[in-house]
Amino acid sequence: MKYDLRLGVNIDHVATIRNARGGIHPDPVHAAKLAETAGADGITAHLREDRRHISDDDITRLMDRLAVPLNLEMAATEEMLEIALRHNPHAACIVPEKREERTTEGGLDAAGGLKQLQPYVAALGDAGIRVSLFIEPDIKQLEAAVTLGAPVIELHTGAYCEASGPDQERQFKRLADAAQAAQDLGLECHAGHGLTFDTVAAIAAIDTIRELNIGHFLIGEAIFGGLDSSIKRMRALMDKARAERSA
Ligand code: PXP
């Protein structure tokens, strides 16, 4: 049985491997179709300004071929807004982006960027795209999402996944408190970044979280056991944690 926790599979790093050789293999769209079959409820792809992994053509092909919803991760820029409005994905997750970073290092400063973000949230929302803001588990940022009229927030789980011992407990509490606050504020709560087989259960057990977006670990793990197996195992760990929580 599937619980009310969706799994969004991020296929960016299939494109990272493809781009290492500059050809067409491995194809992230092929990975996305396999992920659908393996139990993904959605596909997530981040079209970065520098196109280091996902390309414009990947987005076109994902929109054509996916049976599950596409969550487009994007920076709040004119270029990305134009692309999102052209493709009309199910959801758009606004993320901070720095050229020199290896991955999305922290959450969006929605509270400090209300004026800059407002037109992007409004334009995406007006087009019927479900807008989510990728933020740190911080009440100021949650309140900013409400002010901006974004229906969804995604909590950055990176600090939790990298921490250990008492610091990990502290990071977990921040996430659990923020997920509760999101619900109280009427926001749908998603979470992701850095999740693995070892860290997913605790996060999946936070029952106010509705979706996890997971990429790098799943694609890396697929080298050893295949994508189907890595996604199925992640899905099973999520469902088990939810089942134990609701028992
Ligand atoms: N959610 C968001 C908003 C992200 O930017 C990323 C990384 O692209 C993820 C989830 C997935 O993180 P990871 O690849 O570490 O699982």
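Just so you know, all these numbers are worked out from the coordinates, no wet-lab data involved. Computed from a predicted model, the values in this text were never measured in an experiment. Virtual Cβ from ideal backbone geometry, glycine too; neighbours counted across all protein chains shown.
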Magnitude of the Cβ-charge dipole (Lys and Arg +1, Asp and Glu -1) of the chain about the Cα centre, nearest 20 debye, reported as 560 debye
Summing -39500 (n - 2.57) over every DSSP H run of at least 4 in the chain, dividing by its residue total and rounding to the nearest 500, the 222 nm mean residue ellipticity is -15500 deg cm²/dmol
Expected max-MSF residue from 83, 223, 203 in the GNM of the chain (alpha carbon, under 10 Å) is 223
Taking the reciprocal of mean 1/r across every pair of different Cα atoms in the range 162-244, the Kirkwood radius in Å is 13.5 Å
Most fluctuating of 150, 67, 40 in the GNM of the chain (C-alpha, under 10 Å) is 67
hull vol. (C-alpha, convex hull) per residue for the range 58-157, Å³ -> 106 Å³
Cα extents of the range 28-107 per principal axis, largest first, Å, are 34, 25, 20
So the number of lysine pairs in the chain with alpha-carbon atoms under 22 angstrom apart, 8 or more residues apart or on different chains, is 9
For the range 77-135, using Cα atoms only, the Rg and Dmax in Å read 11.6, 32
Projecting the Cα atoms of 215, 241, 147 onto the charge dipole of the range 134-247, where Lys and Arg contribute +1 and Asp and Glu -1 at Cβ, the residue farthest towards the positive end is 241
Sorted largest first, the Cα spans of the chain on the principal axes come out in Å as 45, 43, 33
The set of residues whose placed amide H lies less than 5 Å from the amide H of residue 90, leaving out same-chain residues fewer than 5 positions away, is 70
For the range 115-167, the percent of all C-alpha pairs falling in each 5 Å bin, from 0 up to the bin holding the max distance, is 4, 19, 25, 19, 12, 9, 6, 4, 1
